[in-house]
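Have a look at the structure below, then the notes.
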Amino acid sequence: MGMDRRTFLKLGGALALGSLITPGSQLLLASQENKTGNESKTRWAMVVDLDKCSGCNKECEEICRDENNVPHYGNERYDAYWLRVADVKQHLPGVETRERHIPLMCQHCDNPPCVHVCPTKASFVRDDGITLIDEHRCIGCRYCVIACPYRARSLIFRKSDKWTNEEVPKMMIGVVTKCSFCAHRVDKGQDPACVEKCPYNGLIFGNMNDPNSEVAKIIATKNTKILRPEKHLGPKVFYKGL
Amino acid sequence: MKMRAIIAFLAFLIVLTLPFLVSAGSGNILQSVQAPEIELPDPELGECVEDVSYMRANHMVLLKEERERAVRHGERGDYSLSNCFSCHTNITTFCKRCHDYAGVKPGCFEIEEGCHYAPTSND
Ligand code: SF4
Ligand code: SF4
């Protein structure tokens with residue numbers, strides 16, 4: 001036994017200090033490292049052309065609900081939203097007031113806070129950049145609902161009977177849901193339902209890592225904006241004409 | 001004294017094994033635990049994704065692994081529930097007969113009115 005009492009205590013102290021620091025440093029590392037999808041071939045992104053969106057009857061909201069069985073009870077307190085169209089008016093002196101309609105959905109962040117806070121790893125980012133929720137795993141703690149700065153997530157509070165699309169599972173009470181970029185359609189090579197069915201073709205979907213794709217070309221023109229850029233989350237929904 | 005203890009023990013043993021003795025007396029035990037009859041799909045639809053004995057024992061493992069692949073990696077393959085239902089078109093006469101017999105509830109479509117669509121005899 002070569003170690004004297006003093007060395008032993010010193011080592012113990014160092015160990016305790018190390019274990020105190022590690023969780024914090026891991027968090028820092030995770031926020032750096034978790035930029036998934038940048039290197040992989042596919043990175044799905046969406047461009048919303050606000051000049052084309054007329055706000056119609058907010059048809060995309062209905063299309064989305066029917067495609068993904070999102071319940072709609074007609075009560076703001078319980079309604080779940082995957083996609084909602086915000087009506088925005090800007091009053092400026094001397095400028096004609098114009099109403100804009102901005103479709104808002106999960107922005108599929110490169111560095112999503114919802115995934116970082118999820119205690120069960122139910123929220124995750126797929127290799128192609130789509131942020132998803134494993135509903136078999138989600139315990140409904142709602143950490144992610146609070147973490148998401150875009151208010152993209154909602155908890156299913158009430159039992160839902162809506163089952164308009166049998167290909168997609170019915171929504172289960174007590175789990176959090178959000179826009180999935182229609183992952184079940186994307187995996188089959190189709191566009192998300194809202195993109196396909198928007199009557200004004202205001203939504204464009206594609207692989208932003210492929211320079212020949214339409215979204216990559218539009219993003220390259222730098223005419224697009226992302227929402228809340230100060231958060232540095234790398235959202236993959238781009239707004240044209242904002 | 002010793003005799004009384006032995007008799008008491010024997011009586012206890014008989015009471016303990018009474019259910020087994022009664023069912024043994026009422027005929028062939030094996031006959032009363034016949035496996036349930038299930039309605040198999042049309043053989044013209046082709047082979048199952050794995051052979052029958054493997055599927056009988058491991059279908060739940062395959063489904064679970066497929067679920068993990070589909071949800072986490074977007075690889076939707078042959079072992080999915082919806083692919084099962086393309087041949088097994090009625091869960092009441094196929095899945096449920098065995099599951100009721102084994103006392104196992106398939107979580108996919110039964111527990112708390114599960115989330116996945118399953119074809120039933122009502123369809
Ligand atoms: S928009 Fe919200 S829910 Fe979507 S990935 Fe970003 S933080 Fe998560
Ligand atoms: S509600 Fe579900 S997805 Fe959200 S943080 Fe909790 S376990 Fe994760």
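Nothing in this text is a laboratory measurement; each read-out follows from the coordinates by a stated rule. The structure displayed is predicted, hence computed values, not measured ones. All Cβ positions, even for glycine, are placed from backbone atoms using ideal geometry, and neighbour counts span all protein chains on display.
Dipole check for region A:97-242: with +1 at the C-beta of Lys and Arg, -1 at the C-beta of Asp and Glu, and the Cα centre as origin, the magnitude is about 620 Debye. In whole percent, what relative contact order does region A:41-240 give with Cα contacts below 8 Å and a gap of six or more residues? Relative contact order here is 31 percent. Taking a point 7 Å out from the Cα of A:Ser213 in the direction of its Cβ, the residues of region A:153-194 whose backbone N falls within less than 15 Å of it are A:181-193. Using R0 = 30 Å, the C-beta based FRET efficiency linking B:Glu50 and A:Asn201 works out to 0.10. Simple rule: put +1 on each Lys or Arg Cβ and -1 on each Asp or Glu Cβ in chain A, find the dipole, and look at A:Cys198, A:Cys144, A:Pro71; the Cα lying farthest toward the positive end is A:Cys144.
Shape class for chain B: prolate, because the ratio a/c of the largest to smallest gyration tensor axis (alpha-carbon atoms, square roots of eigenvalues) is 1.5 or more and a/b beats b/c. For a straight C-alpha distance cut-off of 12 angstrom, the aspartates and glutamates reachable from A:Lys159 (same-chain residues fewer than eight places away being disregarded) are A:Asp79, B:Glu112, B:Glu113.
By the rule of a C-alpha distance below 14 Å, with chain neighbours fewer than 8 residues away ignored, the aspartates and glutamates paired with A:Lys240 are A:Asp49, A:Asp51, A:Glu214. Given a 10 angstrom Cα cut-off, can you work out which residue in A:Gly202, A:Gly94, A:Gly140 is the most mobile in a GNM of chain A? It is A:Gly94. Set the Förster radius R0 to 56 Å, insert the Cβ-Cβ distance between B:Glu75 and A:Arg6 as r into 1/(1 + (r/R0)^6), and round the FRET efficiency to 0.05. That pair, B:Glu75 with A:Arg6, gives E of 0.45.
When +1 charges are put on Lys and Arg Cβ atoms and -1 charges on Asp and Glu Cβ atoms, the dipole computed for region B:51-123 relative to its Cα centre reaches about 100 debye.
Charge dipole (Cα centre; +1 on Lys/Arg Cβ, -1 on Asp/Glu Cβ; no other charges) of region A:41-102 amounts to roughly 320 debye. Here B:Ser82, A:Ser123, A:Ser154 are placed in order of increasing Cβ neighbour count within 10 Å, fewest first, which gives B:Ser82, A:Ser154, A:Ser123. In chain A, the calculated helix contribution to ellipticity at 222 nm averages -7500 deg cm²/dmol per residue, counting -39,500 (n - 2.57) for every DSSP H run with n ≥ 4.
Taken as Cα centroids, region A:126-141 and region B:85-113 sit 26 Å apart, rounded to the nearest whole angstrom. Restricting region A:43-146 to GluC sites (Glu not before Pro) that sit in a DSSP loop and have at most 11 other Cβ atoms within 10 Å of their own Cβ leaves A:Glu76, A:Glu96. Counts of other chain beta carbons within 10 angstrom of each beta carbon in peptide A:170-177 average 2. Taking one quarter of the surface of the C-alpha convex hull of region A:41-240 gives a mean projected area of 12.1 nm². As a proxy for reagent exposure, A:Lys159, A:Lys41 were ordered by neighbouring Cβ count within 10 angstrom, fewest first; the result is A:Lys41, A:Lys159. Over all other residues within a Cβ to Cβ distance under 10 Å of A:Arg100, the charged ones net out to -1, with Lys and Arg as +1 and Asp and Glu as -1. When shorter helices are ignored and each DSSP H run of at least 4 residues is given -39500 (n - 2.57), the per-residue value for chain B at 222 nm works out to -14500 deg cm²/dmol. Distances between placed amide hydrogens fall under 5 Å for A:Leu83 paired with no residue 5 or more residues away or on another chain. Electrostatic tally near A:Val47: other residues with Cβ closer than 13 Å to its Cβ, Lys and Arg +1, Asp and Glu -1, net +2.
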